[in-house]
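The values are calculated or read from the model by the stated rules, or taken from the named source; none is laboratory data. Computed from a predicted structure; not experimentally measured. Note: ideal-geometry Cβ built from the backbone for every residue, glycine included; neighbour counts use all protein chains shown. Surface accessibility is based on the protein's heavy atoms, side chains included, excluding ligands, DNA and RNA. Shrake-Rupley method; radii C 1.70, N 1.55, O 1.52, S 1.80 Å.
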Amino acid sequence: MAFDPAFTTSYLVAFVMGLVSSLHCIGMCGSIIGTLTLSLSPEIRSKKALLLPFVFNYNFGRITSYAIAGALAGIIQSIATMHMSEINGHRVLQILSAVIMASAGLYIAGWFPRFAYIEKIGTHFWKKIEPYGRKLIPVKTRTQAFLFGMIWGWLPCGLVYAALSLAATAGDIGNSALTMLSFGLGTLPAVMGVGIMTGILTRLSKMQRFKQAIGLFMIALALLAALPWLNPMAFTSHSAIH
């Protein structure tokens with residue numbers, strides 16, 4: 001089998017992962033968008049043309065933090081596998097990533113609630129930066145919206161951590177950052193659509209069969225992480241690795 005270790009993680013997988021996981025987390029994301037919206041002046045809230053740039057900057061800041069976290073995951077991956085061969089170290093990370101992603105899928109489906117405990121990983125850091133977010137309320141400028149979004153991007157979330165485990169298999173720091181950027185872009189349709197399709201999205205997020213379908217889909221994505229040669233977006237190298 002021939003494959004390039006730098007591209008066994010697919011940006012498409014990360015994007016789809018963001019797309020399906022954001023529908024599950026719409027309750028949390030919706031409440032944060034609501035906080036931002038209510039902090040704006042009535043003149044801005046009453047006109048979608050004025051409100052949309054604030055919501056966009058908010059999400060742009062959030063996705064920027066995801067990309068930074070992805071770069072950090074790439075750095076940690078480089079350090080963790082420093083004393084291992086490139087292929088063996090990368091393979092260990094692939095298996096670990098697949099286990100975390102499958103666990104996230106089971107969690108979304110309601111079959112593994114204890115996965116939520118993984119969110120405790122970032123609780124200490126969140127407690128340190130969350131007060132800075134509160135200082136930005138009420139949001140008056142687009143820059144404030146962007147900065148508030150950057151802080152929101154570090155909110156402890158098991159599904160974001162699952163995406164980070166995927167990013168850690170990307171091969172280098174740049175690819176890890178781009179993987180999380182793809183994940184963030186995948187979350188945009190649901191989060192940006194909160195104000196427009198709140199009722200529909202909320203109903204979907206509460207449907208048990210819908211959540212189970214998403215969970216099973218996440219498990220399928222985990223298989224792509226574990227078996228990268230099945231990934232349709234993976235690049236292959238010219239030299240075979242046996």
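Here are the numbers:
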read-out: Subset of region 100-116 that is in a helix (DSSP H, G or I) and free of Cβ contacts under 8 Å to residues at least 24 places away in the same chain - its residue that is least open to solvent (accessible area, probe 1.4 Å); value: Pro113
read-out: Boolean, Pro131 is closer than 27 Å to Gly34 by Cβ, at pLDDT 85 or above and of a type outside the set (Lys, Arg); value: yes
read-out: Residues (open to solvent by 70 Å² or more (accessible area, probe 1.4 Å) and touching a Pro at 6+ places or on another chain (Cβ under 9 Å)) located in region 31-71; value: Leu38
